[in-house]
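Trainee: Supplied in structure tokens, the structure appears directly below.
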Amino acid sequence: MKDLFRGELVRLTSEEPELRAKHEARWQRDTEFHRLADGDPAELNSEKKIKAWTEKNIESGFNPERYPFSIRTLVDDKLIGFLGLWLNLIHGEAWVGIGIGERDYWGKGYGTDAMKLGVQFAFMELGMQRVSLGLHEYNARALKSYEKAGFKLEGRTRQDMLREGKRTDTLWMGVLRDEWLQLQRGAKP
Amino acid sequence: MFDIATQLFDGQDIRFGPIDYEKDPEIESKWTHNAEFMRLYEFEPARPMSAAIVKKQYEKLEKKIEEDKNLYHFMLRARDDDRLIGKAVVSRIEWASGNCQLRLGIGSADDRRKGYGTQALKMLLRFAFAELNLFRVTANMAEYNEGAIALMKKFGFTEEVRRRQSLERDGRRWDLLVFGLLKDEWLNQAQA
């Protein structure tokens, strides 16, 4: 059987709360990163607070609708980002979110590799029927990466984001189980 | 239309009102026993709810409104006899970008196709654009919800996203549609 957590460039991990908090607190200070990865206004939280969130999740036990991962490189075992899946178990839909906080690892295929693992996990382990995501239209790198992972553009909510005084669209993408299975058999996206 | 004396909560045959903890739970409990209504209004599984459960939901809702400050919830009532007809909601307001989600439900089949939905949406749009000063509104619905889709088109919403096969019901997959309307589009129509 496949190693679900190991790709060609990265692996998916569960990190200790302290380490995760230390990295995320640093990534939060990079507002370009935040504005590529997130739609909410940028915020700064203490390491203590971020650590408490992770610990609270551990306390409350596994949430069957929530799969949070960290991303580590295979080559130097560096913690570079996160990937999370939120499931709708009734309708078999997974929402995925990803962020590569370490800028040195942008545009080199690490995020794409992690996303491929996330999608594979949703279909091969969680039994989902589709995987969904949203991104900002100004994030061209993300769009290309998601297409490589098998996602198709399904539409755009017009001008729903206001940043730096400019209105931009949110793009919405999805990949269906059957489509993804065909891609695995070598079909061209 | 933009006269400050215009009552935001009064329509022609209907009005927006607050929750009535005495009378509403029993009526909404009846709606929840109708799976058709639940499947039009909710993506969550249909489940019948007793008046006691509905009352508890109201309490939770009002607490959430107070804490989150991104939700407005109205009960729809008939103006002639004040009976509860449905619900109209502005939720998930993103204040920084001026976006939100709209939801509208007419509880009983007897009250559908009477223009109440049209009146309610008209009031809800005025509230969202002229009182909350939002920039755009968004509405999600299943592709089988023909009444809601027709209503969106009537008000000039654009079908922006078709999330393929996002819902599973009756043993098959259905698309989920996302409609959007911008403030300018609404203004142009309101003036026309």
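Trainee: Please work out if B:ARG92 is out of contact with any strand residue (DSSP E or B) (no Cβ under 9 Å at 6 or more places or on another chain), basic (Lys, Arg) and within 23 Å of A:ILE90 (Cα to Cα).
Mentor: No: the conditions fail for B:ARG92.
Trainee: Could you list, in sequence order, the residues of the stretch B:95-118 that are more than 14 Å from chain A (Cβ to nearest Cβ) and in contact with a strand residue (DSSP E or B) (Cβ under 8 Å, 6 or more places away or on another chain)?
Mentor: Listed by number, the residues that qualify are B:ARG103, B:LEU104, B:GLY105, B:ILE106, B:GLY107, B:SER108, B:ASP111, B:ARG112, B:TYR116, B:GLY117.
Trainee: Just the residues that are part of a strand (DSSP E or B) and farther than 10 Å from A:GLY101 by Cβ, please, taken from the stretch A:71-87.
Mentor: A:ARG72, A:THR73, A:LEU83, A:GLY84, A:LEU85, A:TRP86, A:LEU87
Trainee: A follow-up question, please. Considering only the stretch A:27-65, state which residues are in a loop (DSSP other than H, G, I, E, B) and within 14 Å of chain B (Cβ to nearest Cβ).
Mentor: A:ASP38, A:GLY39, A:ASP40, A:PRO41, A:ALA42, A:GLU43, A:GLU65
Trainee: How many residues are under 16 Å from A:ILE80 (Cα atoms) and among the charged types (D, E, K, R) if we restrict to the stretch A:1-45?
Mentor: So the answer is 13.
Trainee: Here is a further query. Kindly indicate the residue of the stretch B:8-31 that is assigned to a helix (DSSP H, G or I) and farther than 13 Å from B:GLY86 by Cβ and also nearest to the other protein chains (Cβ to nearest Cβ) among those meeting that condition.
Mentor: By that ranking, first place goes to B:SER29.
Trainee: Something else: For B:CYS100, work out the one condition from (1) surrounded by fewer than 18 Cβ atoms within 10 Å (Cβ to Cβ); (2) under 16 Å from B:LYS183 (Cβ atoms); (3) hydrophobic (A, V, I, L, M, F, W, C); (4) touching a Lys or Arg at 6+ places or on another chain (Cβ under 7 Å) it doesn't fulfil.
Mentor: B:CYS100 satisfies all of (1) surrounded by fewer than 18 Cβ atoms within 10 Å (Cβ to Cβ); (2) under 16 Å from B:LYS183 (Cβ atoms); (3) hydrophobic (A, V, I, L, M, F, W, C); (4) touching a Lys or Arg at 6+ places or on another chain (Cβ under 7 Å) except (1).
Trainee: Now, a different point. Residues that are over 11 Å from the mean Cα position of the chain (by Cα): which strands (runs of 3 or more DSSP E) entirely in the stretch B:48-166 hold 3 or more of them? Steps first, answer last, please.
Mentor: Numbers: elements: B:72-78, B:84-94, B:99-106, B:136-142.
Here the list reads B:84-94, B:136-142.
Trainee: Still on this structure, I have one more. Would you point out which residue out of B:GLY107, B:GLY147, B:GLY115 is in contact with a helix residue (DSSP H, G or I) (Cβ under 9 Å, 6 or more places away or on another chain), modelled with pLDDT under 95 and more than 27 Å from B:LYS64 (Cβ to Cβ)?
Mentor: B:GLY147
Trainee: Just for the stretch A:150-168: of the residues that are within 20 Å of the chain's Cα centre (by Cα) and more than 9 Å from every other protein chain (Cβ to nearest Cβ), which one is surrounded by the fewest Cβ atoms within 10 Å (Cβ to Cβ)?
Mentor: My answer is A:LEU153.
Trainee: Another one. Between residues in the stretch B:155-179 that are more than 9 Å from chain A (Cβ to nearest Cβ) and residues that are surrounded by fewer than 18 Cβ atoms within 10 Å (Cβ to Cβ) and at pLDDT below 95, which pairs lie under 7 Å by C-beta distance while being six or more apart or on different chains?
Mentor: B:GLY156/B:GLN189
Trainee: I've got another one for you. Pull up the stretch A:66-104, narrow it to residues that are crowded, with 18+ Cβ neighbours inside 10 Å and acidic (Asp, Glu), then point me to the one that is nearest to the other protein chains (Cβ to nearest Cβ).
Mentor: Looking at residues that are crowded, with 18+ Cβ neighbours inside 10 Å and acidic (Asp, Glu), I get A:GLU93.
Trainee: Does B:ALA139 satisfy the criteria of being within 14 Å of another protein chain (Cβ to nearest Cβ) and surrounded by 15 or more Cβ atoms within 10 Å (Cβ to Cβ)?
Mentor: yes
Trainee: Continuing with the same structure: Considering each residue of the stretch B:142-154, count those that are within 27 Å of A:ARG167 (Cα to Cα) and within 11 Å of chain A (Cβ to nearest Cβ), and give that number.
Mentor: 0
Trainee: Yes or no: B:PHE129 within 30 Å of B:ARG173 (Cα to Cα), modelled with pLDDT of 95 or more and in contact with a Phe, Trp or Tyr (Cβ under 6 Å, 6 or more places away or on another chain)?
Mentor: no
The values are calculated or read from the model by the stated rules, or taken from the named source; none is laboratory data. What you see is a predicted model; the values in this text were computed from it and never measured. All Cβ positions, even for glycine, are placed from backbone atoms using ideal geometry, and neighbour counts span all protein chains on display.
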